[in-house]
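Here is the structure we will look at.
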Amino acid sequence: MSGVGVVGRYVSRSWSSRGGAGHHGSPRHHPPPPQRPSSPWKIPAFFRRKFEIAQRGGGRVASTAPGESEGGVAVTEEAFKDPPLTLKDPLKDPMRESTSTDPIKDFEATPSPYDEPEVCAQNDDCDSIHRRLIKSSPIRQIRDVTFREPRYLDLFDPSVSVVRDPKLDQPQPASKSRARSIFSRFLSAIASTKVIIGCSIILVVLVVVIVTLASTSHGPFFSPDPRIQHPHVTTVTTCGLVQGIVQDGAYVFRGLPYAVPPVGKLRFRPAQLQTSLNDCWTGTYVANVTQPCWSYDSQGAVVEGSEDCLLIDVFTPQLGYDTPLPVIVYIGGASLGSDTLRPWLLSKAASVVRSKGVVILAPQVRRGLLGFFPHPKLAASTYPHTAGNQGVSDLLTALNWVQHNVEHFGGDPEQVTLLGHQAGAAMAWPLVSSPQGHRLIQSAWLTGAVPLHPEIPWREADPELVESLNCSTIMCLESIPARTAMDAPPLEWRRPHGHPWLLADGVIVPFFPSMPQVPLMIGSTEQAAANNLLSWQERLGTSHQQLVDAVVDGLRLNELNYGQPVWSGSPQYSGINWPSSLGNQDTWSKEPGHNKGRWPQPPRNNERGSELNSFVTGSSEAETALEWYSDLKDDSWLLLTTLVSDATVTCPTLSTATRLSRTLSRAHPTGTEDVPVYAYVSRHARVSRAGAVADGLSDIESILGVFQPRDEKDVQYARTIQDLFFFFVNYGSPDWHSATPAHLGVYTINGVTNVERSRLQCEHWANASQFFRRF
């Protein structure tokens, strides 16, 4: 028998004593087996069967050295013993292909490769015959009978030389589980460039889709918000559920009660918050209609309304609590007795809050006699004893309501800006510095009115107003019809800019002026008084005398409807210094000759009128004022409106802002004051019923989104003032880097924003002795 190569896990070195080249010198063929010598006897079939069993592993088979037997194979003694009958798995036994469960039949059916015919003993070419028999055998596992695979028993046979397969000595990779193999293949796939690019594209698409859907979270893709049942929306307040409507992509709640109705015993009383269940409602309050308050029109006629009018309108783009938005509280009115433009100015508020990301609240307050009635009987029945300014108490109560409820409308109660226009600015000004008001707001924007502190206390109110109602008892005051009460004041009181309604009551409006405690922007338009001079627009013509008469008449406007300015150039107030700390009146420097702790008394109304008559009754002083505006002599209407506006609104406003800012700067010499004061003047002239002038409504209309542009300049102006205002709302400053305080410059707005050192015309008015009371 010849040697074999690597078989299974071992290599057999010698199975016979012969070696050398293969058959006919070819290395691809096994060498011919040695010729068996003729044997006088043959192995019986019984013993051949035993040998076959040993060949399959049941006995011990050993290879002999050359020459030890005739056939090169020696049968040991153990081969004749019957092996134990064991059933092996046919899949593990290389000698069997049958799947039968009967081993005896398998043994009988399997022919032995050693059952050679008789002719093999006399034929010299026995090996070739044996190969042909093997090829025709059904057992395909035995390919060549001249050699066989070594078994584990051969390792203990000293006659067989067996070596270990060199591949077994190489380090084998650690076995991996199926899951680990799958994971390895997945990581290999991800590492490829194409897969990375594909995953990146998918990730970008997913991010875009998520952001788009999140920006429209109220759409049907997300789970529906139970508060929104289009076109209705519901939220909660401290008094219960309220229902509004969806309008222009925002949520609008009109007519929400913010105080107890001021009727019956609460008429002429300060507003009261809803503090008990009896003050609230059951179920859901439908807030889609606002009942206006009683008021007067521009001619002094009574405009019917409702006494139960302490309502607030809310415009918000969201109802969530995660990202609260800045809050704007708007209060306006042409006068303290009229607010007829309120519906128009708030008509686009829903679009503004959606585009600017803010929450706007507009409270209604009592006007006219129902809102500012200083009757002594009312003061005697309250403590502390005070009367008047019921409308200002409404605004203060509305600010308290905002602090408690604005978070339910998506607003931030710690970022509230008070926006006051004209009469609203007059009411808001005392709250900016009062201890009660400044804690409820974080900044203030006042426009269209001179920030003058009321100088007349409630005890010295005009007797004509007090006695007009002809009521001497509390019961009469509480039961008299509302229309009768509104008709009681004289006509000159009911007209705009007639007489001052605002008084110093000592509780809501303090007797003494104070420094503002929040960042403040004070501004005006260049022709703010144009709407009040419309009666002169067609009468001016080309007559110079008519222009002088119009100037004299215009300068009478606003002279009696506000009190003493915060700072006065009068010698009577020259010895008064501003307090270094809020509320500490003992640190104030008093004028000599006055009792300690007592503020110097201002002149009476008749004294103030006599001082003014020295100018307004003479045409020579009017001629002098006209010379200050000689550059506008070609347009008499523009000259008149600019001159009167500077004298009554613009210059007093800028002067007050400058003095406030300078005082704050002296109190903080390092320039790190927390409550800076800024000033602006709007110069953009638009075409309106008042002509091509910067009328007193152009700035507030732009802020509230109702400005109607006619050309690109109008569009640019509206955008510029809106950007300035909403930047101030968000950051408490009109500029991002270097905001300019009022004592260093004035913001001028006309398509773009610039800063000017001062206004030249205002210097003329400040030096005019006839108008010292306003400066």
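Scoring ASP699 on the criteria (1) of a type in the set (Asp, Glu); (2) crowded, with 19+ Cβ neighbours inside 10 Å; (3) more than 16 Å from VAL352 (Cα to Cα) leaves a single failure, condition (3). Just one of the numbered conditions (1) within 17 Å of TRP401 (Cβ to Cβ); (2) of a type outside the set (S, T, N, Q); (3) within 35 Å of the chain's Cα centre (by Cα) is not true of PRO292: (1). Here VAL687 clears all of (1) out of contact with any strand residue (DSSP E or B) (no Cβ under 6 Å at 6 or more places or on another chain); (2) closer than 21 Å to GLY420 by Cα; (3) part of a strand (DSSP E or B) except the condition numbered (2). For region 456-484, filtered to residues that are assigned to a loop (DSSP other than H, G, I, E, B) and at pLDDT 90 or above, the residue that is least open to solvent (accessible area, probe 1.4 Å) is ILE480. Conditions first: (1) over 36 Å from the mean Cα position of the chain (by Cα); (2) at pLDDT below 85; (3) exposed (fewer than 14 other Cβ atoms within 10 Å of the Cβ); (4) in a loop (DSSP other than H, G, I, E, B). ASP674 passes all but one, so which condition is the exception? Among (1) over 36 Å from the mean Cα position of the chain (by Cα); (2) at pLDDT below 85; (3) exposed (fewer than 14 other Cβ atoms within 10 Å of the Cβ); (4) in a loop (DSSP other than H, G, I, E, B), the lone unmet condition for ASP674 is (1).
Give LEU664, LEU660, LEU643 a once-over and let me know the one that is surrounded by 24 or more Cβ atoms within 10 Å (Cβ to Cβ), in contact with a strand residue (DSSP E or B) (Cβ under 9 Å, 6 or more places away or on another chain) and outside any loop (DSSP other than H, G, I, E, B).
LEU660
So which residues in region 702-752 are touching a helix residue (DSSP H, G or I) at 6+ places or on another chain (Cβ under 8 Å), surrounded by fewer than 18 Cβ atoms within 10 Å (Cβ to Cβ), more than 22 Å from LEU664 (Cβ to Cβ) and touching a residue at least 24 places away in the same chain (Cβ under 8 Å)? Answer for region 702-752, where residues must be touching a helix residue (DSSP H, G or I) at 6+ places or on another chain (Cβ under 8 Å), surrounded by fewer than 18 Cβ atoms within 10 Å (Cβ to Cβ), more than 22 Å from LEU664 (Cβ to Cβ) and touching a residue at least 24 places away in the same chain (Cβ under 8 Å): GLY751, VAL752.
Would you say ALA250 is within 32 Å of the chain's Cα centre (by Cα), aliphatic (A, V, I, L, M) and open to solvent by less than 40 Å² (accessible area, probe 1.4 Å)?
So ALA250 fits the description; yes.
Give the residue, chosen from ALA504, ALA530, ALA482, ALA428, that is touching a residue at least 40 places away in the same chain (Cβ under 8 Å) and either of a type in the set (Phe, Trp, Tyr) or farther than 20 Å from ARG269 by Cα (or both). I'd like the intermediate steps shown before the answer.
Details: ALA504 fails: either of a type in the set (Phe, Trp, Tyr) or farther than 20 Å from ARG269 by Cα (or both); ALA482 fails: either of a type in the set (Phe, Trp, Tyr) or farther than 20 Å from ARG269 by Cα (or both); ALA428 fails: either of a type in the set (Phe, Trp, Tyr) or farther than 20 Å from ARG269 by Cα (or both).
Sole residue among the options that is touching a residue at least 40 places away in the same chain (Cβ under 8 Å) and either of a type in the set (Phe, Trp, Tyr) or farther than 20 Å from ARG269 by Cα (or both): ALA530.
For VAL681, the requirement of being within 27 Å of SER433 (Cα to Cα), touching an Asp or Glu at 6+ places or on another chain (Cβ under 7 Å) and either surrounded by 15 or more Cβ atoms within 10 Å (Cβ to Cβ) or in contact (Cβ under 8 Å) with a residue 12 or more places away in the chain (or both) is met.
Restricting attention to region 258-297, the residues that are outside any loop (DSSP other than H, G, I, E, B) and open to solvent by less than 20 Å² (accessible area, probe 1.4 Å) add up to 2.
For PRO513, the conditions (1) on the phi > 0 side of the Ramachandran plot; (2) open to solvent by less than 20 Å² (accessible area, probe 1.4 Å) all hold with the exception of (1). Look at region 348-371: where a residue is within 19 Å of GLY410 (Cβ to Cβ) and in contact (Cβ under 8 Å) with a residue 24 or more places away in the chain and a partner is open to solvent by 10 Å² or more (accessible area, probe 1.4 Å) and of a type in the set (Phe, Trp, Tyr), sitting 6+ places away or on another chain with Cβ atoms under 6 Å, you get LYS356/PHE726. Can you spot a residue in region 215-233 that is modelled with pLDDT under 70 and assigned to a helix (DSSP H, G or I)? Yes, region 215-233 has at least one match.
The values are calculated or read from the model by the stated rules, or taken from the named source; none is laboratory data. All of these numbers come straight from a predicted model, not from anything done at the bench. FYI the Cβ positions are ideal-geometry reconstructions off the backbone, even for glycines, and counts take in every protein chain you see. Calculation scope for accessible area: heavy atoms of the full protein, side chains included, ligands and nucleic acids excluded. Shrake-Rupley method; radii C 1.70, N 1.55, O 1.52, S 1.80 Å.
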